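First comes the structure, then the notes that go with it.
A short reminder: the numbers here are calculations on the coordinates, not readings from a lab. Since the model is a prediction, treat every value here as computed from it, not as a measurement. Heads up, the Cβs are rebuilt from the backbone with ideal geometry, glycines too, and the neighbour counts pull from every protein chain shown.
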Amino acid sequence: MPAASNACLISTYTQTCCFEEDKAPSDYVSSDEDQAESSGRKFHYEHKGERNYDTNASAFEDLSVARQLVEQSEKTSEIASYESLPEAAKHEKFFRSAFEILIKDGVFSATSRKNKVNEWVNPEELEKVLELDVNPGPSSHGKLLDLMKTVIKYSVKTGHPYFVNQLFSSVDPYGLVGQWLADALNPSVYTYEVSPVFSLMEEHVLTQMRSIVGFPGGSGDGIFCPGGSMANGYAISCARHYAFPQIKTQGLASCPRLVLYTSEDAHYSIKKLAAFEGLGSDNVYLIKTDARGRIIPEDLRAQIEKTLLEGAVPFMVSATSGTTVLGAFDPLPAIADICTEYKMWLHVDAAWGGGALVSRKHRHLLNGIER
Ligand SMILES: Cc1ncc(COP(=O)(O)O)c(C=O)c1O
């Protein structure tokens, strides 16, 4: 068996072997199938054959030294383990090799026009390649690095220039490093004492964002959200607290039927979160849109009047700046006027159009968001 396939062989062996009690896991490492067979040890070994993960070596000759490091590490049979703390002697090389894979395969190869956006395989086939079941024994550094490459190989490269989807941007090198930094430090921003740097960062970023939105001096409050759906959920919660603060202690039974309004093209999370929060998805009234997918203010007014005749209470409009499919921007000034008139909370779901706030050219699309 050629030396190049040892990493894969060793990893598979380490994963599936059954250890004898008097032997350390590393005793089981074998570099070829014959040796494994002749050892007479109890194990089940499956040879999966050679795999070629080198997706675009010629395009990255300048990274050849780093590549060698990775290849060396792939061949290592070092058992993956740690006790309480990472140790430089055991883990530094692993970290460096993993970073090389992330940078080369996960970033540069994954965003190169020479490579494909996706390596399609059917789910049954992919399940086999990924070996998703829990291992009976320990894994090795080589196996984990090998798995990293497999994960990258079969993942859709969402930062690729040919991955044309309105909800994804390309890879932002600074944002990515920021995420790695946050992951390395694993902060939990409960209190200043436990997370001084990130607590201040949160305050400052939110103040700046409020001032970008247009609140005077960045005044107001804010919270980071795990995504657009939850942001819409928080907004519904704020809006109904504004209308009926007793809901907090007395629950929904203490108030009349509440109705919220959003575009017929709004994201489905508005209905979902209205259901989660006990309002009921039927109490989300969908407003008609014009030929460019924007809320028609006259229809909003008509639906509010209809609600009042029904004896229910209009409490919130969720406008959208950048609808999910068409990218339409609802007319915020006209909607804000209606909200003022009927004393309703105005929420703007800017999950994907919000970036326009920092564009000199497109910022006007969100005029009125500060109201
Ligand atoms: C306008 C809009 N709002 C909310 C969401 C939901 O965001 P998330 O998937 O982060 O919950 C999306 C996602 O596509 C969206 O386009």
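Of note:
- The modelled label-to-label distance for the pair residue 120/residue 211, using points 7 Å beyond Cα in the direction of Cβ, is 5.0 nm.
- Using 0.36 nm per residue and subtracting the Cα-Cα separation, the extra length available between residue 184 and residue 99 on full extension is 29.3 nm.
- Inter-label distance for residue 127 and residue 112, nm, one decimal - labels placed 7 Å from Cα along Cα-to-Cβ: 3.3 nm
- Close amide H pairs (under 5 Å, H built 1.01 Å from N) link residue 287 with 262, 263, 264, residues at least 5 positions away or on another chain.
- Kirkwood analysis of the range 225-366, using all unique Cα-Cα pairs, places the hydrodynamic radius at 15.2 Å.
- Residue-span extension gain [residue 281 to residue 252] - 0.36 nm each, minus C-alpha spacing: 9.0 nm
- Between the range 80-102 and the range 336-360, the alpha-carbon center distance in angstrom: 47 Å
- Using a Förster distance of 51 Å, the FRET efficiency for residue 177-residue 309 (Cβ separation, nearest 0.05): 0.35
- Between residue 85 and residue 219, the modelled label-to-label distance comes to 5.0 nm, taking each label 7 Å out from Cα in the direction of the beta carbon.
- Using the Cβ-Cβ distance between residue 155 and residue 264 with R0 = 56 Å, the FRET efficiency computed as 1/(1 + (r/R0)^6) comes to roughly 0.95.
- Distance cut-off 15 Å, percentage of C-alpha pairs in the range 277-351 lying past it: 55 percent
- Put a plus charge on the Cβ of each Lys and Arg, a minus charge on the Cβ of each Asp and Glu, and nothing anywhere else: the dipole of the range 103-182 about its Cα centre is then about 420 debye.
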